[in-house]
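Q: One structure follows; several queries about it will come next.
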Amino acid sequence: MASEDLQKNYRDTFNGSTGFGKSTAVLAIDFMKAYTLPDSGLYAEGVVEAVRQAATLYDCARRCDVPVIHTRVVYSADGADGGIFIEKLPVLRQMTESSIYSQFDDNVLPVEGEPVIRKQYPSAFFATPLVSMLVAKGVDTVVLTGCSTSGCVRASVVDAISYGFRVVVPRECVGDRHQNPHEANLFDIHAKYGDVMSMSEVMRHFEERSQHGS
């Protein structure tokens, strides 16, 4: 397919938008020191920048009474709860409860009262209570932030829409270790699963909803 035909195909076929619904929550996916400490095998420079940006978004969400829910990857000392995933990526064995690498980056620490979900697999929804928590809060839209764009963020995006939630991804607030997969996955997410927006657009939505009391 010629380049101009391909571009037209995407415009005509993959150009929908779901936007925001009535009630929103922010998901902070795996912003742990494993991705922000240079001595870690999982270090990703793109995540360091995403953490910096996301801290501003989280502050805005809190001011506007938008709930923020955090996830972190934690495995047992023997890695038995990691299944084939930890066999594929042995570096994940460092993510034990006491390891510095499984702790949240200091710039995006949960505040008192914010839920923290432990997970062992890419999606924040798989084998966790996240769906029940969101349904109980009446949430119909999730703003996904975190890392990595091509891994846990994408997996969570696909599960979110599969469970019936609208999905918004603020592009500055997700990160990866390589720019190419980062951009490719944002392209796919926007085409097929959710709305990729600027952080300023998302914050403006929070503020407008807060001012109107809805």
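The values are calculated or read from the model by the stated rules, or taken from the named source; none is laboratory data. Treat the numbers as computed from the prediction; the structure is a model and nothing was measured. FYI the Cβ positions are ideal-geometry reconstructions off the backbone, even for glycines, and counts take in every protein chain you see. Quick note on the areas: whole protein, heavy atoms, side chains included, nothing else; ligands and nucleic acids left out. Shrake-Rupley method; radii C 1.70, N 1.55, O 1.52, S 1.80 Å.
Q: Suppose we filter VAL167, VAL131, VAL135, VAL153 for residues that are part of a strand (DSSP E or B) and out of contact with any Asp or Glu (no Cβ under 6 Å at 6 or more places or on another chain); which single one remains?
A: VAL167
Q: Considering only residues that are of a type in the set (A, V, I, L, M, F, W, C) and not in a helix (DSSP H, G or I), which ones fall in the range 170-207?
A: Residues satisfying the conditions are VAL174, VAL196, MET197.
Q: Going by the structure shown, is GLY113 open to solvent by 20 Å² or more (accessible area, probe 1.4 Å), assigned to a loop (DSSP other than H, G, I, E, B) and more than 30 Å from ASP81 (Cβ to Cβ)?
A: For GLY113, the condition - open to solvent by 20 Å² or more (accessible area, probe 1.4 Å), assigned to a loop (DSSP other than H, G, I, E, B) and more than 30 Å from ASP81 (Cβ to Cβ) - is not met.
Q: On to the next question. Out of the range 118-164, which residues are of a type in the set (A, V, I, L, M, F, W, C), farther than 13 Å from ASN185 by Cβ, in contact with a strand residue (DSSP E or B) (Cβ under 8 Å, 6 or more places away or on another chain) and surrounded by 16 or more Cβ atoms within 10 Å (Cβ to Cβ)?
A: ALA124, LEU130, LEU134, VAL139, VAL142, VAL143, ALA160, ILE161
Q: Among the residues of the range 3-10, are any of a type in the set (Gly, Ala, Ser), at pLDDT 95 or above, under 25 Å from HIS178 (Cα atoms) and in a helix (DSSP H, G or I)?
A: For the range 3-10, residues of a type in the set (Gly, Ala, Ser), at pLDDT 95 or above, under 25 Å from HIS178 (Cα atoms) and in a helix (DSSP H, G or I): absent.
Q: Which residue out of GLY79, GLY19, GLY46 is on the phi > 0 side of the Ramachandran plot and surrounded by 14 or more Cβ atoms within 10 Å (Cβ to Cβ)?
A: Exactly one residue qualifies, and that residue is GLY79.
Q: Is it fair to say SER102 is modelled with pLDDT of 95 or more and open to solvent by 20 Å² or more (accessible area, probe 1.4 Å)?
A: So SER102 fails the test.
Q: On the basis of being among the hydrophobic types (A, V, I, L, M, F, W, C) and open to solvent by 30 Å² or more (accessible area, probe 1.4 Å), does VAL66 make the cut?
A: no
Q: Further, regarding this structure: Answer with yes or no whether ALA55 is within 14 Å of the chain's Cα centre (by Cα) and either surrounded by fewer than 21 Cβ atoms within 10 Å (Cβ to Cβ) or of a type in the set (Asp, Glu) (or both).
A: yes
Q: Considering only the range 127-185, state which residues are within 17 Å of PHE31 (Cβ to Cβ) and of a type in the set (Asp, Glu).
A: GLU172, ASP176, listed by residue number.
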